[in-house]
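> Sending over a structure as structure tokens; questions will come in a sec.
The values are calculated or read from the model by the stated rules, or taken from the named source; none is laboratory data. Please read these numbers as outputs of a predicted model, since none were measured by experiment. Here the Cβ positions follow ideal geometry from the backbone for every residue, glycine too, while neighbour counts run over all protein chains shown.
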Amino acid sequence: MNRQKENAVNEFIQMIRKSWTYDRLTDKERSRLMDAFVFAANSAIKGTFEQRWAVLHVVYNSFLMGVGYNGPGWREPYPEEVTAF
């Protein structure tokens, strides 16, 4: 399927918002993550849909590592500051 490269960021964000890792982020972390995606979209994301998608994965993975992600069971049970959706 040929997807439009201009839609990569929005489609990626929609996918991430459904993930269990996003579900465990605090509201402040979610806001910072969106800031990181906006920064990447304005500075580093170029190329085909697939190339843009790959960069977004790197941004998200790097962000998760920065907030202490360590695999399954991370932030189980929900920390008090996390609002489940």
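> Quick one: what pairs do we get from region 20-32, first residue on the phi < 0 side of the Ramachandran plot and in a loop (DSSP other than H, G, I, E, B), second among the basic types (K, R) and surrounded by fewer than 17 Cβ atoms within 10 Å (Cβ to Cβ), C-beta under 9 Å, 6+ apart or different chains?
L25/R32
> Same structure again: On the phi < 0 side of the Ramachandran plot, under 13 Å from the mean Cα position of the chain (by Cα) and outside any helix (DSSP H, G or I), is that true of L56? Walk me through it before giving the result.
Numbers: on the phi < 0 side of the Ramachandran plot: yes; under 13 Å from the mean Cα position of the chain (by Cα): yes; outside any helix (DSSP H, G or I): no.
It is false that L56 is on the phi < 0 side of the Ramachandran plot, under 13 Å from the mean Cα position of the chain (by Cα) and outside any helix (DSSP H, G or I).
Table: residues versus (1) over 11 Å from the mean Cα position of the chain (by Cα); (2) modelled with pLDDT of 95 or more.
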position	(1), (2)
D27	yes, no
L33	no, yes
A40	yes, no
N61	no, yes
M65	yes, yes
W74	yes, no
E81	yes, no
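> Looking at the structure I just gave you, is M65 hydrophobic (A, V, I, L, M, F, W, C) and surrounded by 12 or more Cβ atoms within 10 Å (Cβ to Cβ)? Break it down stepwise before answering.
Details: hydrophobic (A, V, I, L, M, F, W, C): yes; surrounded by 12 or more Cβ atoms within 10 Å (Cβ to Cβ): no.
It is false that M65 is hydrophobic (A, V, I, L, M, F, W, C) and surrounded by 12 or more Cβ atoms within 10 Å (Cβ to Cβ).
> Here is a further query. Can you tell me which of F49, F37 is among the aromatic types (F, W, Y) and closer than 29 Å to E80 by Cα? Write out each step before concluding.
Numbers: F49 fails: closer than 29 Å to E80 by Cα.
Of F49, F37, the one residue that is among the aromatic types (F, W, Y) and closer than 29 Å to E80 by Cα is F37.
> Filter region 1-40 down to residues that are surrounded by 15 or more Cβ atoms within 10 Å (Cβ to Cβ) and within 21 Å of E76 (Cα to Cα), then give me how many there are.
Number of matching residues: 10.
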